[in-house]
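Participant: To start, I am sharing the structure in question, which I have written as structure tokens.
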Ligand code: ADP
Ligand code: MG
């Protein structure tokens with residue numbers, strides 16, 4: 001059997017169920033969520049997440065440049081801590097480097113990495129460096145802290161919850177389209193979207209704040225597109241979901257871009273991925289208070305895009321029935 005028959009998540013499910021099915025000790029949480037959880041003491045937990053970035057799969061080296069690549073490598077990991085509501089505390093970085101990599105490029109890489117590491121008080125504590133035959137390979141692991149029972153998991157959604165996101169969707173996927181399709185003209189608007197793709201903002205403070213509010217149930221970050229990331233919530237919470245397609249938040253910059261039609265823009269927003277906004281479900285009775293507290297703190301509102309429903313379904317229901325493609329899957333792409 002080939003990997004593309006299983007898909008990325010079918011593959012992960014297969015090996016985890018086959019070889020790592022033994023129940024974990026009390027308080028531990030393993031494969032399946034944005035972060036793993038390790039209990040620390042009666043009051044606190046350590047959360048851990050890791051992500052791999054490979055040249056020409058996750059980034060085009062000459063397009064992104066060293067500084068943005070360093071920043072993005074840490075940002076996508078911090079986003080998983082944010083998704084669980086954890087406070088970052090340390091990172092580890094492993095590099096596979098082709099021998100002809102320029103030292104100046106790596107200086108820029110570390111400048112970008114250090115910039116974000118300082119911004120979120122998340123020092124680099126170790127890693128590994130090896131040669132790589134051809135492509136640049138980057139693996140980052142981050143550790144964070146959360147109060148016991150304060151973390152948010154994909155398994156915590158409840159029927160009736162409001163589904164919301166912390167920001168606009170689809171800019172990153174539209175930016176990637178400009179990088180991959182050389183026939184598209186790179187005007188100012190295109191450069192804005194490309195920058196969005198290269199420069200994700202992990203919602204660390206937002207995640208920590210939202211996790212502290214009563215009524216916020218499940219949370220995840222949008223790395224593969226909501227059409228995939230919401231399904232993880234549905235599966236682990238054993239619920240279904242309706243998305244109101246006309247409520248998907250699309251930026252002015254993407255809406256104004258004439259290279260893409262209405263449907264493709266919604267497609268970017270649903271399935272494009274790499275937005276790194278947070279996707280959360282909130283008790284409908286507490287939603288107004290949560291949204292108000294969030295607005296007071298950050299000066300921006302949550303975007304309400306749908307509702308969690310009773311009973312498990314492995315497909316999302318959309319109010320407009322034309323965008324049924326899946327989110328990003330490494331082995332189907
Ligand atoms: P995220 O997008 O939040 O980084 P993924 O959706 O990629 O998470 O991964 C789903 C889950 O599978 C996560 O809990 C992740 O830790 C786990 N996972 C993915 N690949 C592996 C692997 N090779 N070994 C163990 N766990 C893995
Ligand atoms: Mg994640």
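The values are calculated or read from the model by the stated rules, or taken from the named source; none is laboratory data. All of these numbers come straight from a predicted model, not from anything done at the bench. Reconstructed Cβ throughout: ideal geometry from the backbone, glycine too, with neighbour counts over all protein chains shown.
Participant: Evaluate the stretch 11-26: report whether one residue or more is more than 30 Å from residue 68 (Cα to Cα) and in contact with a helix residue (DSSP H, G or I) (Cβ under 8 Å, 6 or more places away or on another chain).
Facilitator: Scanning the stretch 11-26 turns up at least one residue that is more than 30 Å from residue 68 (Cα to Cα) and in contact with a helix residue (DSSP H, G or I) (Cβ under 8 Å, 6 or more places away or on another chain).
Participant: Residues in the stretch 70-107 that are surrounded by 19 or more Cβ atoms within 10 Å (Cβ to Cβ), away from ligand 1 (no atom under 16 Å from the Cβ) and farther than 17 Å from residue 128 by Cβ: how many?
Facilitator: Going through the stretch 70-107 one residue at a time, the tally reaches 2.
Participant: So which of 311, 273 ends up being at pLDDT 95 or above and on the phi > 0 side of the Ramachandran plot?
Facilitator: It is 311.
Participant: Let me confirm something: among 271, 251, 240, 258, which residue is farther than 21 Å from residue 200 by Cα and in contact (Cβ under 8 Å) with a residue 40 or more places away in the chain?
Facilitator: On inspection, the qualifying residue turns out to be 240.
Participant: Looking only at strands (runs of 3 or more DSSP E) that lie completely in the stretch 1-107, which have at least 3 residues being on the phi < 0 side of the Ramachandran plot and under 19 Å from the mean Cα position of the chain (by Cα)?
Facilitator: Fully inside the stretch 1-107 and qualifying: 44-54, 87-97.
Participant: Next question. For the stretch 119-228, give me every one of the strands (runs of 3 or more DSSP E) that falls completely inside it and has 3 or more residues that are outside the structural domain of residue 276 (by TED's automatic domain parsing).
Facilitator: Those strands (runs of 3 or more DSSP E) span 124-131, 137-147.
Participant: Could you tell me whether the stretch 245-256 includes any residue that is closer than 30 Å to residue 62 by Cβ, in a loop (DSSP other than H, G, I, E, B) and within 16 Å of ligand 2 (Cβ to nearest atom)?
Facilitator: No - not one qualifying residue is present in the stretch 245-256.
Participant: Cβ-Cβ distance below 6 Å, separation of 6 or more or different chains: which pairs start in the stretch 77-89 with a residue that is at pLDDT 95 or above and end on one that is part of a helix (DSSP H, G or I) and within 11 Å of ligand 1 (Cβ to nearest atom)?
Facilitator: Listed pairs, sorted by first residue: 88/81.
Participant: Tell me the residue from 235, 252, 301 that is out of contact with any strand residue (DSSP E or B) (no Cβ under 6 Å at 6 or more places or on another chain), assigned by TED's automatic domain parsing to the domain that holds residue 174 and surrounded by 16 or more Cβ atoms within 10 Å (Cβ to Cβ), please.
Facilitator: Result of the check over 235, 252, 301: 235.
Participant: What is the number of the single condition among (1) crowded, with 19+ Cβ neighbours inside 10 Å; (2) modelled with pLDDT of 95 or more; (3) more than 22 Å from residue 295 (Cβ to Cβ); (4) within 16 Å of ligand 2 (Cβ to nearest atom) that residue 203 does not meet?
Facilitator: For residue 203, the failing item is (3).
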